Structures are given as C-alpha cells and as structure tokens.
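Report on the following structure.
Derivation of every value follows stated rules applied to the coordinates shown; laboratory data play no part. Keep in mind that this is a model prediction, so the values were computed, not measured. Virtual Cβ from ideal backbone geometry, glycine too; neighbours counted across all protein chains shown.
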Amino acid sequence: MPLVSLLIAVWSLLAFAPCALAAEPIRIGAIVSATGPAAFLGEPEKNTLAMQAEAINAAGGLLGRPVEVVVLDDETDVNKAVLAADRLLKKENVVAVVGPTVSGNTLAVAPKFVAARVPLVSCAAAEKIVRPVSPWVFKTAQSDRLAVARILSHARKQGYNKLAILTVSDGYGQAGREVLKELVPADGFTLVADEVYGPKDTDMTAQLTKIKGASPDAVICWGTNPGPAVVAKNRVQLGMATPLYMSHGVASKKFIELAGEAAEGLLLPAGKLTVYGQLPDADPQKAALSAYAKAYEARFGVPASAFGGYAYDGLMLVARAVADAGDASPAAIRDSLEKVKGFAGITGVFAFSPEDHNGLTADAFVMVAVSGGDFRLLPGE
C-alpha cells in the first residue's frame, strides 16, 4: 500500500503497535493557510497532513492509539491564526501543533504555545522563529541563511569574488537582503552593488544597468514570482552575460514558465524534492522523497511541493518524538523532539539540539540549473 510504504520508507525507527485503534486518540493540532493569499503554501500542507494521518493510522497508530489531526485554516490572517491557536489549546486539547504556514502568523502565536507549554513545529521560514531558541518552538522550513550559504559555496568554487545583489522590497526580500549583506563580506566576497525592486515592479532594467556598471562576477536575485522572472528577461534584453543566481523562492516550474527562455542557465538552491529523481541512490532522503512525491500526486492529482513537505516533516517529527518517548504528553514530546537526530524527511535530515530548533544544515539544499525548460541537478551536488 503506497501510503504505508511511504511511512515506513521515511521512518523505519517507529514501532507501531498492532491494535484495533479503539483507544483514546492522540490529538495533534495544525494551523495552515489553506485559503487567502498564502493558500498556494497552505493547501499542500493541509493535504499532506490528511494523507499522513491516514498513513500513520493505517500502520497501527502511535503507542497503540489512533492519531487525530485537528486542522484549522487561518485564512492567511494573523488574527485568525491567534483565534485558531486559542481554540487548539483551550478546546481541542492537542498535545502538539504543526504550523502555522507563514512566518508572521507563527511569530504571533508562538508565545501562546510557550505559555501553555505545548510544542509548536512551524512550517514557516523566518529565522526569528527559532533564533533565539525558545524551548517549545521548532520549525521545519530551511532558513534563508542556509540558502545563501549554498549559493556562496558554489560561487567560491567558480572563483567569483565581486558579487551584486538585487532583492525585492517585501518581507521575504528584506530578510534575504539582511542575510546576504551579512554573509557576502563575511565569506570573503566583495559586495559591489546592492539594488532593490518593488514587488509590483514590471521593469528592472534600471537596477540591472547599475549592476552591470559595477562589473560583478555574479548577481544574486532574491525574490518570489513574478519579479525574478522579469529580472531574468531584462538581463537578456540588456545583453548581460554575468551569471545570475536566484533564491529558493523560485524553485518551481511556475518560474520557468514565467521566465521562458530567459530562465535557461540560471542557478539556484532548491530543496531536494525539486530534483528527487536525479539524486544518487545513496542520498539519505531519496526513498522518502520518492515515496512522498508519488503518493501525493496519486492522491491529489498534482505534483508534491516543498511546502507540503514542511507539514510532512512537522507531523512526522512529532510522531517520531511520541514513539521515541513512549509518551504522548506535551512535555515528553518537547523533550523528545529536542533529541531527534538523523531524521531523513522531505526538507532535509533533521538533528535538533537545545541550541538548534531548526536542525538543518546547508545540505538541505542542492544547487540546480535551469536547462531545457527544467531543473537539473548540478554535478557534484
């Protein structure tokens, strides 16, 4: 059965007890943005949580008990996220919560879970969620810092020294710009240009012309669709041959569709799900990635995404923590989560510690290039 196979492939350490699942369920909460502006993130999370809960129960549940995932939609609204958190804590009696989907909502509700002493495993990316570390808050999405580190590692191997950055002026771009301005000089590169564009801008030739005048060895563009596609097209129009890196925010076929031929040759860090079929068999995530991708597409008729993977990892990490602890109380789950090592999920191989509640390294990304209208894993990745 594909879903059971998926569970086993990802998580061979879990010992499921054979039972009729008649015992009191273990209730795990989830807050996702299934509707609203971030629905493209939250819907695959909602789908994944349903699929994985079924898989866990089909395999016998946890500690001889069924798992019930209570999923609430915050509609990408911070106030509704707060209301959802209150409901999960006060009415649903959940032992842990996966989500929210977006960083702002996570930061708004996190103090409630800390106060209630219930573990929260966010699906959002902001470093502030886990830096500084809060004992009750974890996250599964890779931080921008890891993506920047992957880009700079590749740039160093190419012998580049002078770098230019072009970032969007929204929350995602500002966060990326901060990390870029910190790590580019810290890693020994020279930042020769720092340009910004608006999220609704439709022409970035002015910024690219300034960058071209600074003669960088490579350019790093940080944004989400559609802006980076415009940058790619403007670069071609200006006749710029300078290598162009994109952020992981465009690691989807939609970007290639928007940029068209201008996407060819562009470089970016991406989660391994993007190119799971190209990974070597020895990759510790390959079995989980392949099984998840196939099960999700068979169930929902669309390709799996990294966003659904964040929810997959959140739920399965909580399940792993319950199994390891032999206890489904919030305190036991928290303590057990912090000890998880070597969990090969969809986003990466997690190793939590009291000092690190994201548990990922730059190896959670691989460098890919756009070639022939698709993403191709770069040699040596």
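Computed quantities for the displayed model
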{"quantity": "For V67, V148, order by how many other beta-carbon atoms lie within 10 Å, fewest first", "calculated": "V67, V148"}
{"quantity": "K157 versus E24: modelled label distance in nm, points set 7 Å from Cα along the beta carbon direction", "calculated": "5.3"}
{"quantity": "3J(HN,Hα) from dihedral phi, segment 186-194, Karplus parametrisation 6.51/-1.76/1.60, rounded to Hz, x for glycine, proline", "calculated": "4, 8, x, 8, 9, 8, 9, 7, 9"}
{"quantity": "Fewest-first ranking of L152, L267, using other Cβ atoms within 10 Å as the exposure measure", "calculated": "L267, L152"}
{"quantity": "Straight-distance crosslink candidates among lysines, where the alpha carbon sits under 17 Å from K339 and sequence neighbours closer than 8 are dropped", "calculated": "K139"}
{"quantity": "Segment M240-T190, extension gain: residue separation times 0.36 nm, minus the distance between their alpha carbons", "calculated": "16.0 nm"}
{"quantity": "Among K46, K253, K286: highest mean-square fluctuation, GNM of the chain, C-alpha pairs under 10 Å", "calculated": "K253"}
{"quantity": "Separation of the D374 and N225 label points, Cα + 7 Å toward Cβ, nm", "calculated": "1.8"}
{"quantity": "Potential lengthening between V78 and K181 on full extension [0.36 nm per residue; Cα-Cα distance subtracted]", "calculated": "34.2 nm"}
{"quantity": "Cβ-based exposure ranking for T209, T361, T48, in which fewest neighbours within 10 Å come first", "calculated": "T209, T361, T48"}
{"quantity": "Mean Cα-pair separation over length for the chain, i.e. relative contact order, pairs under 8 Å, 6 or more apart, %", "calculated": "18"}
{"quantity": "Value in Å of the Kirkwood radius, where the chain supplies the Cα pairs that are averaged", "calculated": "21.2"}
{"quantity": "In order through segment 100-117: 3J(HN,Hα) via Karplus (6.51 cos²θ - 1.76 cosθ + 1.60), integer Hz, x for Gly, Pro", "calculated": "x, 6, 10, 5, x, 5, 4, 5, 6, 9, 3, x, 5, 6, 4, 5, 7, 6"}
{"quantity": "Separation of the E257 and V133 label points, Cα + 7 Å toward Cβ, nm", "calculated": "4.2"}
{"quantity": "For segment 144-276, alpha-carbon Rg and Dmax in angstrom", "calculated": "13.3, 39"}
{"quantity": "Theoretical FRET efficiency, 1/(1+(r/R0)^6), r = Cβ-Cβ of D86 and S290, R0 41 Å, to 0.05", "calculated": "0.55"}
